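Presented below is the structure to which this report refers.
No value in this document is a laboratory result; all are computed from the given coordinates. Small disclaimer: the values here were computed from a predicted structure and weren't measured. As a convention, Cβ positions derive from the backbone with ideal geometry for all residues, glycine included, and neighbour counts pool all protein chains shown.
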């Protein structure tokens, strides 16, 4: 505090009994002029106490030390230009002038500027603010977001005139050129914190599909400096803006040894602005090399996969039977089933025809049935008429009141109804027989279409022995009598062992061919029938 002598002394009191008389306003004004003249500009160090911001925008506080307190006021016009936000307990150096407030007879300091009192006070304030924001969870690791591997657009918040932006652009062009948007801001001094906040919020407000593309990652950068130079990035508003950013943010403030509060709130901290550019994008040459290596490995894996599947399919194919052999066996089974179906169908049709003839033979002729019915009816009428006459004689008085149909008239009506039924019965029987004959004819045509006779027409033959069909060579014994059925008839033959089969089929000792004709065939030969010959 200045100890200069006052420029004007207050009025000296005259001797007792002749003292001048002053009003309160006069003495207050004299004191005010004395204080303002003697302490026109002073610097006072003290701790802020009782800080408050009035609705008018003026700031009111008290500066104190261990022994004294002095009131301070900062008018609204100067409060917006302060480089720091006053808080209770902050050790500061206030610059201003001493004046008095006559309305309360108090003197006060009209503050024009505030600054922290030394680096120790700054560090203390920085630590207190760090603990406060950490307790709110702004620095939690769970809030950190992963950076995009290859961003399309990078937003940079820094000074447009410094070397920081040139270093970032140069490093990006070396590693992987990307589209860069620069939001110019002050990086120190008055208003720097507010401009950084507006830049972060402005990038986040951009639309992803708007005329100005929205960045995929942000870099907040500044070169090195003292603690006071970097103080804008320790401001609470800047830290909260970085923590609230929806775009992943990289902080690159100062040199490697410098640490600011925005480093704790950002998603990734870079020791230098150049390192921030290296973190933001990969090296293009390395990425191309990795991609080519992955392509080579992918092609090799695909080739091995295809080769393994091909070998597996070939192994499975070796275990499958020959399709032609399977088809031949199924064809042979089909021929066997067709022949058995033909035999069964013919037997069934024969049985049905016999049953139908037997049933038709048991049925009496309709005229005969009519004659039997007429005779029965006449006999019943003959028996009924005497009894009816006796009944009428006994109850003649009742008969006179009744109108009855005579029995002969009833008999006549019955005969007429019977004749009508006879006329309907004969056509019905004829229609039933015609339907049965049509069904029999349709079944016969179906059997003919499924008959093995058509197969014989194509050059095949059926070999029978002892009333059974022979399907294997092993079923034939030497000298066995066989019948070979062709399309136009059957030929009897006898099995023999004169020569072996040329196709290699059958058992080793059972290769046989048909022998000479049997005795019955020779008799037929003598009687003029067709000669049998040998069956090869």
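Of the beta bridges in segment 24-117, as assigned by DSSP with both residues counted there, near 90 percent are antiparallel.
Highest mean packing first, where packing is the average number of other Cβ atoms within 10 Å per residue, the peptides 456-465, 197-206, 430-439, 248-257 line up as 248-257, 197-206, 456-465, 430-439.
Each helix, a run of at least 4 DSSP H residues, gives -39500 (n - 2.57); summed and divided by the residues of the chain, these come to -15500 deg cm²/dmol at 222 nm. Considering segment 24-117 at the alpha-carbon level, its Rg and Dmax are found to be 13.2, 39 Å. Across segment 263-369, the volume of the C-alpha convex hull divided among the residues equals 369 Å³ per residue.
Do you know the relative contact order of the chain, to the nearest whole percent, from alpha carbon pairs under 8 angstrom that are 6+ apart? Result for the chain is 7 percent. For segment 269-308, the orientation-averaged shadow of the C-alpha convex hull comes to 3.7 nm² (one quarter of the hull surface).
Taking every DSSP beta bridge that has both ends in the chain, the antiparallel portion is near 65%. Working ranking of peptides 318-324, 308-314, 95-101 by packing, defined as the average number of other Cβ atoms within 10 Å per residue, highest first, is 95-101, 308-314, 318-324.
Computed over segment 241-384, relative contact order equals 12 percent, with contacts defined as Cα pairs under 8 Å that lie 6+ residues apart. Give, to the nearest whole percent, the P(r) tail of segment 144-282 beyond 17 angstrom, counting all Cα pairs. Within segment 144-282, distances greater than 17 Å cover 53 percent of Cα pairs.
Kirkwood's formula applied to the C-alpha pairs of segment 69-179 gives a hydrodynamic radius of 19.0 angstrom.
Here the Kirkwood formula puts the hydrodynamic radius of the chain at 39.3 Å, using every distinct Cα pair. The coefficient of translational diffusion for segment 163-211, derived via Stokes-Einstein from the alpha carbon Kirkwood radius under 10 °C and 1.306 mPa s, stands at 125 µm²/s.
Fully extended, how many nm does the chain gain between residue 53 and residue 201 (0.36 nm per residue separation, minus their Cα-Cα distance)?
Contour length minus Cα-Cα distance gives 50.6 nm.
Fraction of C-alpha pairs exceeding 17 angstrom in segment 84-146: 60 percent, rounded to a whole number.
Can you work out the FRET efficiency for the pair residue 298 and residue 278, with r the C-beta to C-beta distance and R0 = 30 Å, to the nearest 0.05? E between residue 298 and residue 278, to the nearest 0.05, is 0.55.
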